[in-house]
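Shown next, in structure tokens, is the structure this report addresses.
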Amino acid sequence: MEIVADEVISSRTGSDSDGDKGFVVTPWVVKGQLDYAKLVEQFGTTPISKEILERFKKITGEIHPFLRRGIFYSHRDLDWILDRYEAGEEFFLYTGRGPTGNVHLGHLIPWIFTKYLQDKFGAELYFQFTDDERFLYSPKETLENTKKTAYDNLLDLIALGFDPKKTFVFLDTDYMETMYPIAASIAKHVTLSSARSIFGFENSTNIGMIFFPTIEAATCFLPCILKGKNIPCLIPAAIDQDPYWRGVAREVAPKLGYYKPAQIHGKFMPGLGQGGKMSASQPETAIFTTDSPKTVEKKVLSSFTGGRATVEQQRRLGAQADICPVYHYFYFLFEQDDSELGRIYNDCTSGTLLCGDCKLLLAERVKEYVIRHQEKREKARQLVDDFIVSDVRGGLRKKSGLS
Ligand code: TYM
């Protein structure tokens with residue numbers, strides 16, 4: 001499945017754009033017609049093989065739909081992580097969020113998958129809110145705002161049901177006493193010229209952004225330092241975050257005496273427009289977890305589809321599910337049953353199912369999902385202290401005493 005993306009989040013920091021292939025994927029810019037196979041080639045990652053899926057099945061008793069459907073499709077050292085796990089060694093999970101606005105369904109994809117991994121492997125999760133990154137990157141952003149947004153976004157994370165005893169969440173600006181020595185040790189091994197080539201930094205890039213990658217990389221080693229032993233790390237995220245691991249964390253790890261962090265890379269959930277990943281910068285085509293049911297319905301019913309110009313043509317030619325965000329929403333999140341998904345695909349492409357009916361069905365499912373999520377999000381307000389760690393309390397201790 002190919003998702004068509006045509007979006008500029010912002011081009012301020014430059015990119016490792018590949019004009020010939022017509023797309024750009026960096027931690028800050030996702031634009032053009034994405035070719036996920038070419039990204040694997042370009043980034044030097046490895047597609048997830050059938051053998052790896054079988055190993056997941058053997059260990060967890062199932063193959064999660066995100067794996068089965070190739071939504072998580074590429075990796076680095078995932079086989080090595082499974083080897084260590086089977087040899088009795090625990091690994092930890094690491095993922096995060098750059099808090100700029102409300103969380104949308106696309107952000108939930110890696111977190112839902114991370115929760116599944118936590119449940120199945122009993123792994124601890126270290127979750128980083130890069131309030132500094134978003135402040136440094138966006139000209140108009142303030143630190144007060146990114147911090148406030150992080151606390152609000154945290155409710156979405158907690159709502160997904162992570163185990164508070166195994167989940168450690170921090171905001172960079174609240175955790176620098178712990179993070180800075182790790183970031184400084186990393187920074188010593190990264191030259192400006194390699195940072196430029198990995199991230200596309202330009203002379204006009206502020207120097208905070210140039211140092212920042214060391215902070216995102218630092219979490220890969222944080223538990224090792226806090227616990228005084230080498231622990232394997234697995235990072236579930238969409239593939240846009242790969243430059244941090246490829247260019248910084250994995251390069252520096254052996255120099256600091258740590259394992260290279262492993263990754264599992266996801267594809268992007270599309271927006272509801274014609275092409276483009278779901279992005280907060282296009283709010284009319286993104287579904288936010290805080291949207292009202294009415295707004296959700298309005299957005300879904302106004303979605304672009306792969307439908308034909310007239311009902312007659314659609315009945316005769318069938319619609320184009322492969323370019324249709326409505327179909328992709330079923331594929332990503334809203335139809336877990338493969339045979340039912342297959343039926344939707346066949347009915348769509350054979351002209352039996354018309355776009356209006358399909359959108360109505362999806363709107364109901366998304367509304368239900370968002371209503372349920374919002375209930376859990378409200379309850380999460382009471383649980384914040386069970387998840388947050390900060391320098392003030394030191395190491396991994398939480399205000400609630402839970403650790
Ligand atoms: P951020 O806030 O841009 O994105 C948070 C997570 O969501 C993924 N993502 C998506 N996944 C599927 N479909 C989409 N449409 C979509 N849009 C975004 C991102 O890949 C990410 O996993 N710098 C990071 C924060 C961070 C982090 C990390 C992320 C710090 N440490 C470790 C992953 C792993 C950021 O700004 O993410």
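The values are calculated or read from the model by the stated rules, or taken from the named source; none is laboratory data. Please read these numbers as outputs of a predicted model, since none were measured by experiment. When we count neighbours, we look across all protein chains shown, and the Cβ atoms used for this are built from the backbone with ideal geometry, even at glycine. Please note that ligands, DNA and RNA were not included when accessible areas were found on the heavy atoms of the full protein model with its side chains. Shrake-Rupley method; radii C 1.70, N 1.55, O 1.52, S 1.80 Å.
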If a residue must be part of a loop (DSSP other than H, G, I, E, B) and at negative phi, how many such residues does the range 298-324 contain? 12
Count of the range 334-390 residues which are closer than 30 Å to Arg315 by Cβ and in a helix (DSSP H, G or I): 27
Exactly one condition in (1) assigned by TED's automatic domain parsing to the domain that holds Ile81; (2) surrounded by fewer than 21 Cβ atoms within 10 Å (Cβ to Cβ); (3) not in a loop (DSSP other than H, G, I, E, B) is not met by Ala249; state its number. (2)
When residues of the range 69-94 are filtered for being open to solvent by 10 Å² or more (accessible area, probe 1.4 Å) and within 8 Å of the ligand (Cβ to nearest atom), how many remain? 0
Being more than 18 Å from Glu133 (Cα to Cα), outside any helix (DSSP H, G or I) and within 14 Å of the ligand (Cβ to nearest atom) is the filter here; which residues of the range 218-246 pass it? Phe221, Cys233, Leu234, Ile235, Pro236
Hey, among the residues in the range 252-284 that are at pLDDT below 95 and over 15 Å from the mean Cα position of the chain (by Cα), which one's nearest to the ligand (Cβ to nearest atom)? Gly276
For the range 309-319, the count of residues that are open to solvent by 80 Å² or more (accessible area, probe 1.4 Å) and either of a type in the set (Gly, Ala, Ser) or out of contact with any Lys or Arg (no Cβ under 7 Å at 6 or more places or on another chain) (or both) equals 5
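Taking helices (runs of 4 or more DSSP H) that do not extend beyond the range 100-217, which have at least 2 residues that are open to solvent by less than 20 Å² (accessible area, probe 1.4 Å), touching a Lys or Arg at 6+ places or on another chain (Cβ under 9 Å) and not β-branched (Val, Ile, Thr)?
Details: elements: 105-121, 131-137, 143-159, 176-187, 192-199.
In the range 100-217, the matching helices (runs of 4 or more DSSP H) lie at 105-121, 131-137, 143-159.
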